[in-house]
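Below is one structure; the comments refer to it alone.
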Amino acid sequence: MVKFNFSEAEKEHTLALYSKLKELTGPSLMEGDEEKMRTHLMRCIEENQVNRNVFGHNPILLSFQTALIVVEEIGLRRDAVIAILLHPSIESGFLTIDEAEKQFGTSVARILHGLQRIAELYDKTPVVESENFRDLLLSFAEDMRVILIMIASRVNLMRQIRDTDNQTDRTRVSQEAAYLYAPLAHKLGLYKLKSELEDLSLKYLEHDAYYHIKEKLNSTKQARDAYIAQFISPIEEKLKASGLHFHMKGRTKSIHSIWQKMKKQKCAFEGIYDLFAIRIIIDAPIEKEKMQCWQAYSIVTDMYQPNPKRLRDWLSVPKSNGYESLHITVLGPEQKWVEVQIRTERMDEVAERGVAAHWRYKGVKGESGLDEWLTNIRNILETSDDLQVMDQFKMDLYEDEVFVFTPRGDLFKFPKGAIVLDFAYHIHSKVGNGCTGARINNRIVSLREPLHSGDQVEIITSANQKPKQEWLSIVKTSRAKAKIRLALKETQIKEGLFAKEMLERKFKNRKIEMEESLMAKLVKKLGFKETSEFYKRIADGELDVNIAIDKYLEIQQHEANPGADIPIKSADGFKLRPTTMSETPANEDVLVIDRNLKGIDYQLAKCCHPIYGDDIFGFVTVSGGIKIHRTDCPNATELHKRFGYRIVKAKWSGKGSSLYQITLRVIGNDDIGIVNNLTSIISKDEKLVLRSISIDSNDGLFSGNLVVMLDDTSRLETLIKKLKAVKGVKNVMRI
């Protein structure tokens, strides 16, 4: 066997790395660690136990390079470094994991076991397949430092294969870096390593695209630097004058992110305008971080016009991986949009080095307190184990997850596409059953509003809200669907009991004895297969109680006098009709409050715009007047909770000629003539008045508000049905 040749250049490089690692990890090393490791490595070389990899690299030198990345970029110390340096010996069979445990402890052995399992998987197949992925994820759960070492190892390998002639293996390694290791680094907030993996993958896999963008960046660097200097100069003066301690820098986007943007927007390099971002990094004590960041925000936005739609506040609600920063986009000189990132020194290190830095700032130094840190990493990496292909794994890592906060700061995870109603049922069945909407980041939204990562959600409930059958088709989670089905079943039972009690009361009032056998015949005669359906129709108001009783009496008389020629109406000719509110002639709308008091000073609330036919209640104002609200008003819950003593019952009595203003939200396809179709429906009805219309169109879709004057809820329901019937209209809702 040819003895392994450790070249002079490799020796020199390894010794330099050795000195640096010793300096960085010294405080975490135990007595005898250095001597035992040095002895082991010398024996390994002397006994010719070292083998170069497929690219011809020296594995000992590679392990030192990887160990340095793990220490400098991630913050791991003794156990991880020793495991990395011992791993080549484990792979070659020169050392066993049990022997390593005896010399360096259980923690080192646990890391080595995880690394070895992954190495064995790669020996079986060079491509990570679905079944192996599950095993791979299980190995992560053993010790989370394994995944961090894997990321660092792949970064190092990607750096070293620049000049290799082995194109086949370089392509394989680069694809794995792009599809597996970069998303893992992103998940952990290791943005610096993630960007490097993505850029190097692009360089090796799409050589022409990479160098095209690199050359363009180099050729525009002078002009870009001049613009950055022009932009930050006045800001620096103002920040210094305010007494803030800070430094600023311009950060050019990574080549990979520019390429992704070019593909997404289908444009050339010249079409990408946000090539760089300005970063303001403030040296602030931890108790003043947010205050000083918002102070800098105020200074920047006073000087340059901000775009409110591009504000990203990760100060108040940090990302799930610990990222904190304030991102704004402002209109700089020459009318160019510039992104400005404002953060503190602590936040910047977290942004660059991920959760490692985040937990170091919480007092984790060296190996002390590592369990808490690793537990946090494990929580971040929780993903579905039902993985089929590599792309699916990539999506499951971060693209199909939504992280949402409660007002108290608790964090919940939902599948992408989940809505407010999913969130409500996740909290509690009662909260879901009574959900009418939510406040997302202090903005009131409907219960159908989709959730987005970073949202802070506060559910709004109403005692009058009930689960609806249609909810089953709009929620995303199986948990919400199961709870809705249960609630609908319970509601049906309750309404059936209520209807039965009401019917029994009516029978008693009319002094009629109710017999079960006759009731069964009544149900059958009216065309119902189940008694529950009969009571449901009564509860819904679709079957008049008096008609049911009259039909019962006919059956009772027929049973008592079977020979008598009593005309019994056929059930075939029976039509169900809804009960309607009694109407009394009047020339004005009259509001009856409590004991039929009339003429009381009242106003219709502008927050919910009640109209004739809505379920309503009155609220006594400070001035003594009464504001009329819909029972499903967004403010109803708060009013009942805080000012229950000022709530009075209210109902409509009589119908006058007044018209009420309501706003309808219309969403649909942006087809030619659709606005004319909508407005013509309103203009054809003489009892409808269109006050205003506003339409926004984007990417083939339109959404708009119609402000209409009408007289009651029945006309409103008819109008909504007509508008929904217009071709291209997807949804119409009252707001």
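The values are calculated or read from the model by the stated rules, or taken from the named source; none is laboratory data. These figures come from a predicted structure and were not determined experimentally. Positions of Cβ are generated from backbone atoms using ideal geometry, with glycine treated the same way; all protein chains shown enter the neighbour counts. Calculation scope for accessible area: heavy atoms of the full protein, side chains included, ligands and nucleic acids excluded. Shrake-Rupley method; radii C 1.70, N 1.55, O 1.52, S 1.80 Å.
About its Cα centre, the dipole of region 423-543 is roughly 140 debye, where the only charges are +1 on Lys and Arg Cβ and -1 on Asp and Glu Cβ.
Across region 169-186, coupling constants 3J(HN,Hα) worked out from phi with the 6.51/-1.76/1.60 Karplus curve, θ = phi - 60°, read 5, 5, 5, 4, 4, 5, 5, 5, 4, 6, 8, 10, 6, 5, x, 5, 5, 4 Hz, and Gly and Pro carry x. If you average the sequence gap of Cα pairs under 8 Å that are 6 or more apart and divide by the length of region 144-295, what percent do you get for the contact order? Result for region 144-295 is 19 percent.
Using θ = phi - 60° in the Karplus curve 6.51 cos²θ - 1.76 cosθ + 1.60, the 3J(HN,Hα) couplings for region 275-292 round to 6, 9, 10, 9, 10, 9, 10, 9, 8, 10, x, 4, 6, 10, 4, 5, 4, 6 Hz; x is entered for Gly and Pro. Just how far, in whole angstrom, is region 408-457 from region 502-562 if you go by their alpha carbon centroids? With region 502-562 and region 408-457 each reduced to a Cα centre, they are spaced 44 Å.
For region 48-55, the Karplus equation 6.51 cos²θ - 1.76 cosθ + 1.60, evaluated at θ = phi - 60°, returns couplings of 6, 9, 9, 10, 6, 7, 4, 9 Hz by residue, with Gly and Pro reported as x. With Cα atoms defining each centre, region 208-259 and region 295-327 are spaced 18 Å apart in the structure. Rounded, prolate or oblate, given the Cα gyration tensor of region 602-646, with a/c below 1.5 counting as rounded? Oblate, because a/c is 1.5 or more while a/b does not exceed b/c.
For region 469-513, which GluC sites (Glu not before Pro) are both in a DSSP coil and crowded by at most 15 other Cβ atoms within 10 Å? The partial results should precede the final answer.
On the way: sites: Glu470, Glu490, Glu495, Glu501, Glu504, Glu513; in loops: Glu470, Glu513.
Here the GluC sites (Glu not before Pro) that fit, given the DSSP loop and packing criteria, are Glu470, Glu513.
Highest first, please rank the peptides 250-262, 20-32, 191-203 by the mean number of other Cβ atoms sitting within 10 Å of their residues. Please list the in-between numbers first.
On the way: 250-262: 18.1, 20-32: 13.8, 191-203: 21.6.
Taking the mean over residues of other Cβ atoms within 10 Å, the ranking is 191-203, 250-262, 20-32.
Taking a straight line from the alpha carbon of Lys508, these lysines sit under 23 Å away, with near neighbours fewer than eight places off in the same chain left out: Lys494, Lys500, Lys521, Lys524, Lys525, Lys536, Lys551. For Thr344, the residues whose amide H sits under 5 Å from its own are Ile282, ignoring neighbours fewer than 5 places away on the same chain, with H placed 1.01 Å from N.
Solvent exposure of region 4-106 amounts to 49 Å² per residue of accessible area, where only protein heavy atoms count and the probe is 1.4 Å.
For the residue pairs Lys253/Lys336; Lys290/Lys413; Lys221/Lys253; Lys319/Lys430, the C-alpha atoms sit more than 21 angstrom apart in Lys290/Lys413; Lys319/Lys430. Comparing Cα centroids, region 686-712 and region 144-160 end up 57 angstrom apart.
Ranking request for peptides 66-72, 242-248: highest mean number of other beta-carbon atoms within 10 Å first, then the rest in descending order. All intermediate terms of the calculation are to be shown ahead of the outcome.
On the way: 66-72: 22.3, 242-248: 14.0.
Taking the mean over residues of other Cβ atoms within 10 Å, the ranking is 66-72, 242-248.
In terms of its C-alpha gyration tensor, region 180-237 comes out oblate, because a/c is 1.5 or above while a/b does not outweigh b/c. The solvent-accessible area of His13, taken with every protein chain present and a 1.4 Å probe, is close to 80 Å².
Taking 10 °C and 1.306 mPa s as the conditions, I'd like the Stokes-Einstein D for region 205-335 in µm²/s, using the Kirkwood hydrodynamic radius from alpha carbon pairs. Present the calculation step by step, with values, prior to reporting the outcome.
On the way: Rh = 16.6 Å.
Approximately 96 µm²/s, per Stokes-Einstein.
Distances between placed amide hydrogens fall under 5 Å for Asp544 paired with Arg577, all partners being 5 or more residues away or on another chain. Exposure check, 1.4 Å probe, all protein chains in place: Cys607 carries approximately 60 Å² of accessible surface.
Would you work out if region 403-467 is rounded, prolate or oblate? Take a ≥ b ≥ c from the square roots of the eigenvalues of the alpha-carbon gyration tensor; rounded if a/c is under 1.5, else prolate when a/b is larger than b/c, oblate otherwise. Let's see the in-between values first.
On the way: a/c = 1.61, a/b = 1.51, b/c = 1.06.
Taking the square roots of the gyration eigenvalues as a ≥ b ≥ c, region 403-467 is prolate.
For the peptides 167-177, 75-85, the ranking by mean Cβ contacts within 10 Å, running from highest to lowest, is 75-85, 167-177. In this structure, the amide hydrogen of Ser325, modeled 1.01 Å from its nitrogen in the peptide plane, lies closer than 5 angstrom to those of Trp314, Leu315, counting only residues at least 5 positions away or on a different chain.
Of Lys494, Lys187, which has the most accessible area and how do the rest follow, probe 1.4 Å?
Details: Lys494 145, Lys187 15 Å².
From most exposed to least exposed: Lys494, Lys187.
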